[in-house]
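Each remark here refers to the structure printed beneath this line.
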2 protein chains.
Amino acid sequence: MLHAVIMSGGSGTRFWPQSRRDCPKQLQVLVGDRTLLQQSVDRLDGLVTAERTWVVTNVVQATATREQLPSVPGEQVIEEPVARNTAACLGLAAEHLLAADPEAVMLVLPADHVIQPDESFREAVQAAVALVEDDRRRLVLFGVPPTRAATGFGYIHRGDPLPGQPNGFGVSSFHEKPDRETAEHYLATGESYWNSGIFTWRADRIVEALAEHQPAIGDGLATLRAVLGTDQYSARLQETFAALPAISIDRAVLEHCQDSCVLEASFCWNDVGSWRALPEVIGSDESGNCLQGPVSTVDVHNCIVRSVGDHLVAVVGVEDLVIVQTADVTLVARRDDEDGLRELVERLAEEGRDGYL
Amino acid sequence: MLHAVIMSGGSGTRFWPQSRRDCPKQLQVLVGDRTLLQQSVDRLDGLVTAERTWVVTNVVQATATREQLPSVPGEQVIEEPVARNTAACLGLAAEHLLAADPEAVMLVLPADHVIQPDESFREAVQAAVALVEDDRRRLVLFGVPPTRAATGFGYIHRGDPLPGQPNGFGVSSFHEKPDRETAEHYLATGESYWNSGIFTWRADRIVEALAEHQPAIGDGLATLRAVLGTDQYSARLQETFAALPAISIDRAVLEHCQDSCVLEASFCWNDVGSWRALPEVIGSDESGNCLQGPVSTVDVHNCIVRSVGDHLVAVVGVEDLVIVQTADVTLVARRDDEDGLRELVERLAEEGRDGYL
């Protein structure tokens with residue numbers, strides 16, 4: 001049976017101060033009237049029932065996650081004791097799925113992505129499931145055809161076509177966050193895709209592949225498998241999970257495995273990775289501004305301005321800024337200065353001003 | 001006797017959103033721990049008692065003005081029914097003074113200026129009073145030696161020296177807000193002063209001069225003089241004052257009168273006319289930033305950032321901005337775009353969003 005695993009434990013620092021430690025961006029309404037996490041579950045309607053939907057998150061966000069998803073069984077919200085990147089996260093999820101359903105097929109979804117339209121998404125998932133049913137070894141990556149020379153995404157270069165699926169290809173190689181020139185070349189070839197972070201594979205197959213390519217993770221998962229469903233699980237998880245290497249599933253398995261393949265996904269996709277992504281998702285006006293909430297501007301261009309409630313944000317004579325007003329923090333930043341934003345957030349942490357994080 | 005008349009009815013639009021209609025900048029703490037209005041009265045200590053201190057303001061600000069100045073008799077807070085610029089304002093004040101003291105000498109002070117040190121101010125006032133006592137016709141303007149080629153101030157060019165006062169001169173001419181090149185020339189000559197808006201003259205003399213140079217104002221004042229202290233005053237003020245021409249005392253009288261003279265004032269002075277003036281008053285750090293309240297910055301230069309309470313303003317990778325956080329409004333503006341700020345405030349008024357003004 002097909003199960004969905006939604007990865008929802010991120011902190012979303014690049015969306016600070018909207019995204020906060022105890023309420024990161026996936027738990028917030030950025031677009032439309034449901035949170036990104038809720039939209040991720042809504043999108044599964046007709047594809048995966050709530051009884052087969054799983055969410056991996058962290059201890060801090062677990063309560064809010066369960067509250068936002070009342071239809072998902074509480075025990076299927078899996079809590080990571082510490083963050084250990086996506087390989088350990090998905091290995092842990094796979095073990096939970098296998099305990100419930102030894103034949104489980106896993107659809108992996110990040111909680112903080114925007115995908116439209118839902119219908120195209122569902123068609124792609126069905127095609128991915130068919131690829132896995134054809135060959136149980138297949139690890140299917142969803143590749144999004146690039147629409148611009150983005151430098152902030154990972155790229156997948158496709159290889160030979162797969163038989164029987166015109167949108168399916170082997171994987172020739174991966175390239176994480178290329179420079180502008182390289183990204184433009186990738187865009188021109190028509191044979192490269194953005195790595196969406198959405199995957200489909202059998203749960204037993206990813207556990208097998210992790211054991212083969214990452215023995216430390218494989219051993220840790222075997223330890224946990226032995227205690228899953230017992231009263232030793234919680235204590236064992238604490239010690240075992242923390243000891244696992246923090247590595248992405250791409251680097252841990254997908255980049256090395258002959259069975260990785262890419263499915264060209266026809267939906268519009270955005271990882272909403274930073275403030276810069278917001279205009280791509282919700283659009284901008286004729287001045288290039290993306291304005292949300294009570295905002296008034298004079299001679300303003302290419303700015304992202306967001307306020308909440310009745311608080312007025314007035315902007316005069318500036319361009320290329322991100323301005324975000326929350327109840328206790330206001331951010332004013334050069335739109336492309338993500339390094340500066342990271343530095344500021346790190347400094348607040350160093351200064352012990354955790355209340356703002 | 002010497003009386004002080006503090007002009008305090010301004011709206012301070014260029015300091016929006018800190019300065020608001022019902023609480024303009026002179027009623028707020030911008031520097032130190034007392035409001036600008038309170039500092040204006042404090043500065044008179046040893047020079048003019050509270051019993052001889054008068055404040056002209058408008059109806060909206062009258063209550064707050066009396067609350068901030070408990071030592072000033074409530075009836076000496078004169079309420080203008082409408083704003084009619086400084087000629088009408090000072091004519092009205094002069095009539096009130098004359099009713100209390102026919103020999104009154106008037107020291108005129110704007111409520112929203114920063115002056116330091118107080119001792120130099122007091123010495124200048126004493127010199128001005130001496131000039132008026134020497135010749136009852138004299139209208140003394142306080143001229144501040146310019147320290148930079150400011151284009152936002154009015155300039156006074158001095159004429160012949162006055163006998164017996166080394167810092168006193170006749171007035172050769174006036175020049176309002178020169179361009180940069182002209183301002184630099186004025187700075188170089190050493191014979192031009194900033195017009196501080198601080199004046200000293202006999203109350204009967206300014207009434208006489210207004211009648212001579214501005215008959216409409218003279219007639220209006222005569223009408224009010226006849227009812228001052230009676231129960232007709234309030235109603236008569238409403239109709240008479242509104243009909244007076246709105247003109248500055250400089251343009252109405254001082255620029256035309258042979259008796260205008262300028263006293264070189266040795267104090268540091270700033271009219272705090274706009275956000276740009278704040279660093280001149282409270283200083284800036286090695287990055288050229290002027291930061292007040294909970295503010296955190298990364299790679300920020302020549303910015304004025306002000307927050308209040310616990311609200312954090314985080315600023316990243318920008319320069320030459322004014323960022324002001326208040327309880328219900330946040331302003332982000334290019335530092336020198338005062339026209340844009342005025343346009344924005346006017347638009348809010350047009351849109352009926354008066355709550356933000």
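The values are calculated or read from the model by the stated rules, or taken from the named source; none is laboratory data. Source: prediction; values computed, not measured. Glycine also receives a Cβ, built like all others from the backbone with ideal geometry; neighbour counts cover every protein chain displayed.
Overview of results
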quantity	calculated
Any hit, segment B:319-338, residues being of a type in the set (Gly, Ala, Ser) and outside the structural domain of B:Cys23 (by TED's automatic domain parsing)	yes
Residue within segment A:100-117 that is assigned to a helix (DSSP H, G or I) and either on the phi > 0 side of the Ramachandran plot or at pLDDT 95 or above (or both) present	yes
Residues located in segment A:36-61, provided they are closer than 19 Å to A:Glu79 by Cβ, touching a residue at least 40 places away in the same chain (Cβ under 8 Å), assigned to a helix (DSSP H, G or I) and among the aliphatic types (A, V, I, L, M)	A:Leu37
Residues satisfying the stated conditions in segment A:76-99, i.e. in a helix (DSSP H, G or I), of a type in the set (A, V, I, L, M, F, W, C) and surrounded by fewer than 24 Cβ atoms within 10 Å (Cβ to Cβ)	A:Leu98, A:Ala99
Those residues of segment B:311-348 which are more than 7 Å from chain A (Cβ to nearest Cβ), assigned to a loop (DSSP other than H, G, I, E, B) and of a type outside the set (Ser, Thr, Tyr), in sequence order	B:Asp320, B:Ala327, B:Arg335, B:Asp336
Residue under evaluation A:Arg180, criteria (1) farther than 16 Å from A:Ala94 by Cα; (2) in contact (Cβ under 8 Å) with a residue 60 or more places away in the chain, criterion not met	(2)
Qualifying positions in segment A:308-355 - touching a Pro at 6+ places or on another chain (Cβ under 8 Å) and crowded, with 22+ Cβ neighbours inside 10 Å	A:Val313, A:Ala314, A:Val324, A:Val329, A:Thr330, A:Leu331
Scope segment B:238-284; condition part of a loop (DSSP other than H, G, I, E, B), in contact with a helix residue (DSSP H, G or I) (Cβ under 8 Å, 6 or more places away or on another chain), more than 29 Å from B:Leu221 (Cβ to Cβ) and polar (S, T, N, Q); matching residues	B:Ser266, B:Ser274
Residue match in segment B:276-295 (condition: over 30 Å from B:Val140 (Cβ atoms), touching a residue at least 40 places away in the same chain (Cβ under 8 Å) and within 13 Å of chain A (Cβ to nearest Cβ))	no
Residue in segment B:206-229 that is farther than 20 Å from B:Ala124 by Cβ, among the small types (Gly, Ala, Ser) and at pLDDT below 95 present	yes
B:Ile304 vs. criteria under 30 Å from A:Pro17 (Cβ atoms), surrounded by 18 or more Cβ atoms within 10 Å (Cβ to Cβ), of a type in the set (Val, Ile, Thr) and within 11 Å of chain A (Cβ to nearest Cβ)	no
Qualifying residue in segment B:260-275 (condition: surrounded by fewer than 17 Cβ atoms within 10 Å (Cβ to Cβ), among the hydrophobic types (A, V, I, L, M, F, W, C) and either out of contact with any Phe, Trp or Tyr (no Cβ under 7 Å at 6 or more places or on another chain) or in the same structural domain as B:Val324 (by TED's automatic domain parsing) (or both))	yes
Check on B:Tyr233, modelled with pLDDT of 95 or more, in contact with an Asp or Glu (Cβ under 7 Å, 6 or more places away or on another chain) and assigned by TED's automatic domain parsing to the domain that holds B:Val105	no
Selection count, segment A:311-357, where residues are free of Cβ contacts under 8 Å to residues at least 40 places away in the same chain and among the basic types (Lys, Arg)	3
Residue check for A:Arg122: farther than 22 Å from A:Trp54 by Cβ and touching a residue at least 12 places away in the same chain (Cβ under 8 Å)	no
